[in-house]
Amino acid sequence: MKIIVPVKQILDPKGITVRRDKERIFINREEYIVDLGSKAAIEAALRLKESVADAEVIALSMGKPQADDALREALAIGCDAAYLLSDKAFKEADITVTVHILAAAIKKLGGADLIVAGRESSDTGAGQIGPRLAEALDYAQVTDVYALAVADGMLQATRPWAHSYAAVKAPLPAVVTVALEAFPPRYAHGARIMSAYRDWNVPVWTCADLGLDEAALAPLLSFRGESFPPPIEAEKFRGDPASVAQEVVMALRLQKVIG
Amino acid sequence: MDFTFPKEYQLFRRMVREFVENEVRPLAKVIDREHRVPHETVKKAAKLGLMGVPFPQKYGGMGGGEIGYCILAEELGRVCSSTATVIGAHIGIAAMAIHLDGTEEQKQKYLVPLAQGKAIGAFGLTEAQAGSDAAAIKTTAVRDGDQFVLNGAKVFITNGDIADTIIVMAVTDPTLGAYGGITAFIAETDSPGFSIGSLENKMGIRGSSTAECVFQDVRVPKENVLGQFGAGFLTFMKSLDIGRASLGAACLGGAQAALESSINWARAREQFGAPIATKQSVHFMLSEMFVDIEALRSLVYRTAWLIDTHQPHVMEAAACKLFGSETAHRCINKALQIHGALGYSRDYSIELGWRDQRISEIYEGTNEIQRVVIAANLFRPYGLRIPT
């Protein structure tokens with residue numbers, strides 16, 4: 001069973017400051033991480049791999065050369081192979097073009113039995129990759145999945161339905177998008193981290209390798225600027241619960257709300 | 001000259017930080033209060049290869065070398081010194097001794113399970129009358145056919161009561177002294193005659209157990225002689241040398257945590273109508289902390305690189321331990337001052353860091369011994385040999 005996971009590399013939000021007053025986003029530290037949605041997708045794919053005989057998980061990423069790091073992390077976490085789709089011609093890619101490129105790579109890999117994507121990415125939150133890929137490849141699709149399994153050649157999935165959940169079935173090949181909260185990612189094994197950079201390769205496929213016509217890569221969307229919702233007056237504390245609790249207690253003490 | 005960490009180490013640090021923030025930080029206070037690092041935490045660390053970071057993958061290790069191990073020690077030291085000590089004694093001196101001087105059979109039998117975290121290791125050197133003067137040990141090993149019979153007591157042994165494998169230094173020929181008369185052995189703690197005496201009630205690193213290990217006619221097969229017979233002192237010194245670099249790394253983590261916490265507090269705490277982050281007295285303390293920490297960081301990772309590239313590193317490793325523990329001391333002291341009365345409160349982590357830090361100036365060779373080691377090596381090129 002061939003499981004393909006589209007992986008997105010995003011700017012680490014910890015290195016960004018959003019200045020509402022200046023209506024600008026400042027990048028204090030340009031570091032890239034694997035998108036949390038992609039991490040959940042990798043986790044879901046690996047769990048599925050462990051539950052069926054003879055499965056492989058392949059990570060694919062369309063991006064700049066530095067997306068190599070995201071794919072090596074995917075290998076370290078447990079993916080069996082990874083391919084980077086990178087070319088100067090992909091520079092302006094919007095969602096339509098990205099899906100076009102991903103679909104071409106999936107076809108080059110001989111198609112998939114299952115494509116597992118994140119429900120949405122942590123940066124744009126558009127949630128379009130999964131459904132659009134399903135349309136482009138003419139695969140069945142199930143979105144916002146909380147549990148999945150494959151039995152008798154059918155995909156079985158649990159997804160929200162009204163105020164409850166529904167168990168659904170779909171024929172393979174299929175695309176599922178998974179809920180972040182249902183698939184907390186595992187840590188990469190240290191030895192796999194070392195091997196991911198020292199022993200394993202991430203092939204790069206260019207526009208020519210994918211047999212794509214550059215003229216077909218013109219984006220439909222253009223970026224015109226950022227808009228900022230009005231600021232919220234309350235003070236927010238973010239982070240892990242233990243340190244947030246400490247900060248809240250300190251803040252309350254400073255305000256003399258508590259002794 | 002490129003000082004950037006190779007990418008595998010950058011990713012490794014990120015993984016370790018996530019692991020430590022999620023799995024260790026929430027427990028740091030409980031570990032101190034209940035005097036134990038949960039077995040479950042050690043098992044989780046083992047599952048990620050963290051119990052064998054420096055060792056080759058063919059021996060069940062992670063293949064991260066000393067640089068990888070220093071990253072682990074730094075990240076653990078940043079959050080929980082008890083956990084850093086448990087894992088540090090296991091990897092840095094116990095398993096390390098087998099890695100350095102073990103035979104292929106010993107590595108297969110003992111290093112593999114230690115590196116995989118299926119067994120826990122301890123390092124038995126110190127005795128009641130032999131601390132800094134390690135050559136004054138009284139534990140004996142007497143040959144009896146194919147075995148050695150061990151008798152004596154080791155004290156202040158980190159992990160002593162939770163270890164499966166303990167490296168023991170014993171006198172095999174009292175007439176020969178440190179070089180020739182002392183041999184290292186690998187002993188199993190389920191051997192008849194091995195028992196735990198008292199457990200120390202310590203000021204800090206309370207989650208790491210410190211035990212008295214008693215050997216009463218403990219029989220060890222002759223195959224378990226570690227390194228050359230009679231050269232045990234060298235085996236121990238080599239292991240301790242490497243352990244000192246990672247100890248400096250753990251101190252680096254502790255000092256870094258003190259700085260981070262001080263920066264956050266200085267931004268939040270207002271006095272005289274402004275955050276104390278605007279006060280020059282605070283600037284001076286924070287800047288001095290930063291300088292200390294950056295100097296230590298360079299020293300630690302350069303020493304780790306010397307070790308990984310098999311270059312002489314004895315003085316540098318001693319410097320890591322000496323400068324690291326004193327840097328941590330200074331930084332945590334300043335952090336406590338910046339935090340004021342809250343820093344003195346048991347409800348916040350500064351007080352725990354302060355108690356935890358103090359031991360690093362004492363264990364694995366007191367700072368005075370580190371100075372002796374460094375000085376002896378300073379004179380050596382001039383032909384003046386000072387016994388250490």
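The figures follow:
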| read-out | value |
| --- | --- |
| Residue that is surrounded by the most Cβ atoms within 10 Å (Cβ to Cβ), among those in segment A:164-191 that are more than 14 Å from chain B (Cβ to nearest Cβ) and of a type outside the set (A, V, I, L, M, F, W, C) | A:Thr177 |
| Of all residues in segment A:193-221 being within 22 Å of the chain's Cα centre (by Cα) and not hydrophobic (A, V, I, L, M, F, W, C), the one that is farthest from the other protein chains (Cβ to nearest Cβ) | A:Pro219 |
| Residue that is at negative phi, touching a Lys or Arg at 6+ places or on another chain (Cβ under 6 Å) and of a type outside the set (Gly, Ala, Ser), where the choices are B:Leu199, B:Leu247 | B:Leu247 |
| Residue satisfying all of: in segment B:49-59; surrounded by 20 or more Cβ atoms within 10 Å (Cβ to Cβ) and within 11 Å of chain A (Cβ to nearest Cβ); farthest from B:Gln116 (Cα to Cα) among these | B:Pro54 |
| All positions within segment A:231-253 that are of a type in the set (Lys, Arg) and either within 11 Å of chain B (Cβ to nearest Cβ) or assigned to a helix (DSSP H, G or I) (or both) | A:Arg253 |
| Selection within segment A:24-37 - in contact with a Ser or Thr (Cβ under 6 Å, 6 or more places away or on another chain), hydrophobic (A, V, I, L, M, F, W, C) and touching a residue at least 60 places away in the same chain (Cβ under 8 Å) | A:Leu36 |
| Qualifying residue in segment A:195-205 (condition: in contact (Cβ under 8 Å) with a residue 60 or more places away in the chain, assigned to a helix (DSSP H, G or I) and of a type in the set (Phe, Trp, Tyr)) | yes |
| Residue ID - nearest to the other protein chains (Cβ to nearest Cβ), chosen from residues in segment B:4-16 that are buried (at least 17 other Cβ atoms within 10 Å of the Cβ) and among the charged types (D, E, K, R) | B:Glu8 |
| Segment A:209-221, subset assigned to a loop (DSSP other than H, G, I, E, B) and touching a residue at least 40 places away in the same chain (Cβ under 8 Å), residue farthest from A:Phe26 (Cα to Cα) | A:Gly211 |
| Of all residues making up segment B:60-76, the number that are outside any helix (DSSP H, G or I) and at the interface with chain A (Cβ under 8 Å from one of its Cβ atoms) | 4 |
| Residue check, B:Ser281 more than 14 Å from chain A (Cβ to nearest Cβ) and assigned to a helix (DSSP H, G or I) | yes |
| Count of segment B:202-239 residues which are charged (D, E, K, R) and within 24 Å of B:Val86 (Cβ to Cβ) | 4 |
| Members of segment A:4-52 found to be among the polar types (S, T, N, Q), surrounded by fewer than 18 Cβ atoms within 10 Å (Cβ to Cβ) and in a helix (DSSP H, G or I), listed by number | A:Ser51 |
| Test: residue in segment A:133-143 that is surrounded by 14 or more Cβ atoms within 10 Å (Cβ to Cβ) and out of contact with any strand residue (DSSP E or B) (no Cβ under 6 Å at 6 or more places or on another chain) | yes |
| Failed item in (1) modelled with pLDDT under 95; (2) touching a Pro at 6+ places or on another chain (Cβ under 8 Å), with B:Val42 passing the rest | (2) |
| Residue list for segment A:159-177, filter: touching a Ser or Thr at 6+ places or on another chain (Cβ under 9 Å) and in contact (Cβ under 8 Å) with a residue 24 or more places away in the chain | A:Val168, A:Val175, A:Val176, A:Thr177 |
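Listed here are the residues, each with its yes/no results for (1) touching a residue at least 24 places away in the same chain (Cβ under 8 Å); (2) more than 14 Å from chain B (Cβ to nearest Cβ); (3) under 29 Å from B:Gln10 (Cα atoms); (4) among the aromatic types (Phe, Trp, Tyr).
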{"residue": "A:Lys22", "(1), (2), (3), (4)": "no, yes, no, no"}
{"residue": "A:Lys39", "(1), (2), (3), (4)": "yes, no, yes, no"}
{"residue": "A:Ala44", "(1), (2), (3), (4)": "yes, yes, yes, no"}
{"residue": "A:Gln66", "(1), (2), (3), (4)": "yes, no, yes, no"}
{"residue": "A:Leu71", "(1), (2), (3), (4)": "yes, no, yes, no"}
{"residue": "A:Leu75", "(1), (2), (3), (4)": "yes, no, yes, no"}
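Okay, residues lined up against (1) within 20 Å of the chain's Cα centre (by Cα); (2) basic (Lys, Arg); (3) more than 13 Å from chain A (Cβ to nearest Cβ):
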position: B:Asp2; (1), (2), (3): no, no, yes
position: B:Ala28; (1), (2), (3): yes, no, no
position: B:Glu34; (1), (2), (3): no, no, yes
position: B:Lys47; (1), (2), (3): no, yes, no
position: B:Thr85; (1), (2), (3): yes, no, yes
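The values are calculated or read from the model by the stated rules, or taken from the named source; none is laboratory data. Remember, it's a predicted structure, so these values are computed and weren't measured experimentally. Because the Cβ atoms are built from the backbone with ideal geometry, glycine has one as well, and the counts that use them run over all protein chains shown.
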